[in-house]
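For reference, the structure discussed in these notes is given below.
The values are calculated or read from the model by the stated rules, or taken from the named source; none is laboratory data. Bear in mind that the values here come from a model prediction, so they are computed numbers and not experimental data. We place every Cβ from the backbone using ideal geometry, glycine too, and count neighbours over all the protein chains shown. Keep in mind that these areas ignore ligands, DNA and RNA; they rest on the heavy atoms of the full protein, side chains included. Shrake-Rupley method; radii C 1.70, N 1.55, O 1.52, S 1.80 Å.
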Amino acid sequence: MKDYQTAFLKLALKHDVLKFGAFTLKSGRVSPYFFNLGKISTGAALRELAQAYAAALQASGLACDMLFGPAYKGIPLVAAVACALAESGQDLPYAYNRKEAKDHGEGGLLVGAVPRGRVVIVDDVLTAGTAMRESVKLLRTSGANPVAALIALDRQETGPSGLSAVADLERSEGLKVIALVTVHDVLEHLTRENADAATVAAIRDYQARYGLKT
């Protein structure tokens, strides 16, 4: 596991981004873990999170021209990641969208840099991928070329199509999905840190039932 992945998982556990128990998902499945990046709510934690996102993007080797953050969670994320990249010498423009078009002032749905070139969409997680597809459509309509989605966690869980949300998005939209960590990375970290055995067993059982078969 890379250093930025370990740092991210420690941050997620410290701030209860990752919680364990029994959580009913939108799909109706009862998951032994829940992921909520909204728990990152201090400046120091956001800075550390952005550094992990920036490291993941740079480690991917993907070339891009700008960043885009979907409303709402993607807005602070994309700004923070742009700052983290600038600190490491890569100064990229960024933009984000409103949920509803503004009919006064500058108007429109988009705020920030004009979408152009190869765009990386920065968000927290993929569930059904609906919001990500809306971002892809918005960017393409604006004349840009969305090439990748940068997310925090890949649950590696099958959906209605038989594919994971990540694989389904990659196939349907032609995007590369870059995840800071996968659920297998979470399990590796928990095992290495001697986490509660029942928690680890519950996640393994859940993945055996709903996870990708490799």
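Which of Gly117, Gly38, Gln58 sits closest to the plus end of the dipole of segment 1-132, meaning its Cα is farthest towards the positive end, when Lys and Arg get +1 and Asp and Glu get -1 on the C-beta?
Gly38
What ranking do 69-81, 176-188 get when scored by the average of other Cβ atoms within 10 Å per residue, highest first? Don't skip to the answer; put the middle values down first.
Values: 69-81: 21.5, 176-188: 19.5.
Taking the mean over residues of other Cβ atoms within 10 Å, the ranking is 69-81, 176-188.
How would segment 79-209 be classified by its alpha-carbon gyration tensor: rounded, prolate or oblate, with rounded meaning a/c under 1.5 and the a/b versus b/c comparison settling the rest? Don't jump to the answer; show the numbers that get you there.
On the way: a/c = 2.55, a/b = 1.79, b/c = 1.43.
Prolate shape, in that a/c is at least 1.5 and a/b is the bigger ratio.
In whole Hz and in residue order, list the ³J(HN,Hα) couplings for segment 92-97 that follow from phi through the Karplus curve 6.51 cos²θ - 1.76 cosθ + 1.60, θ = phi - 60°; x for Gly and Pro.
10, x, 9, 9, 8, 10
At 1.4 Å probe size, with the rest of the protein present, what percent of the exposed accessible area of segment 57-193 is carbon and sulfur atoms? Before the final figure, lay out the partial values.
Details: 3240 of 6250 Å².
The nonpolar share, carbon plus sulfur, comes to 52 percent.
Given R₀ = 22 Å, what would the calculated FRET efficiency be for Val30 paired with Asn194, taking r from the Cβ atoms and rounding to 0.05?
Details: r = 25 Å, r/R0 = 1.16.
FRET efficiency, Val30 to Asn194: 0.30.
Which GluC sites (Glu not before Pro) from segment 2-111 combine a DSSP loop assignment with at most 12 other Cβ atoms within 10 Å? It would help to have the intermediate numbers written out before the result.
Values: sites: Glu48, Glu87, Glu100, Glu106; in loops: Glu106.
When the GluC sites (Glu not before Pro) of segment 2-111 are filtered for loop state and at most 12 Cβ neighbours within 10 Å, Glu106 remain.
Label Thr127 and Ser161 with points 7 Å out from Cα along Cα→Cβ: what is the distance between them in nm?
Each label point is offset 7 Å from its Cα along the Cβ direction, giving 1.8 nm.
If you place +1 on the Cβ of every Lys and Arg and -1 on the Cβ of every Asp and Glu, how big does the dipole about the Cα centre of segment 106-185 come out, in debye to the nearest 20? Don't jump to the answer; show the numbers that get you there.
Details: 8 positive and 10 negative charges, 74 e Å.
So the dipole magnitude of segment 106-185 works out to roughly 360 debye.
Excluding residues on the same chain fewer than 8 positions from Lys137, give the lysines whose Cα lies under 23 Å from its Cα.
The qualifying lysines are Lys73, Lys99, Lys102, Lys176.
Hey, rough spin-label estimate for Ala71 and Ala7, points 7 angstrom out along Cα→Cβ, what's it come to in nanometres?
For the pair Ala71/Ala7, the computed spacing is 3.2 nm.
Given the whole protein assembly as supplied and a 1.4 Å probe, what does the accessible area of Phe35 come to in Å², nearest 10?
30 Å²
Pop the C-beta distance of Lys19 and Val111 into the FRET formula with R0 = 41 Å and round what comes out to the nearest 0.05. Working shown, then result.
Details: r = 32 Å, r/R0 = 0.78.
Approximately 0.80, to the nearest 0.05.
Can you work out the accessible area per residue across segment 36-91, with the rest of the protein chains kept in place, probe 1.4 Å, in square angstrom? Each step should come with its number before you reach the end.
Details: 2370 Å² over 56 residues.
On a per-residue basis, 42 Å².
Can you compute the helix-only [θ] at 222 nm over the chain? Use -39500 (n - 2.57) per DSSP H run of at least 4 residues, normalise by all residues, nearest 500 deg cm²/dmol. Don't jump to the answer; show the numbers that get you there.
Details: 7 runs with 89 residues, N = 214.
Only helices count here, giving -13000 deg cm²/dmol.
FRET efficiency for Ser88 and Lys213, Cβ-Cβ distance as r, R0 = 22 Å, nearest 0.05? Present the calculation step by step, with values, prior to reporting the outcome.
Values: r = 38 Å, r/R0 = 1.71.
Between Ser88 and Lys213 the formula returns 0.05.
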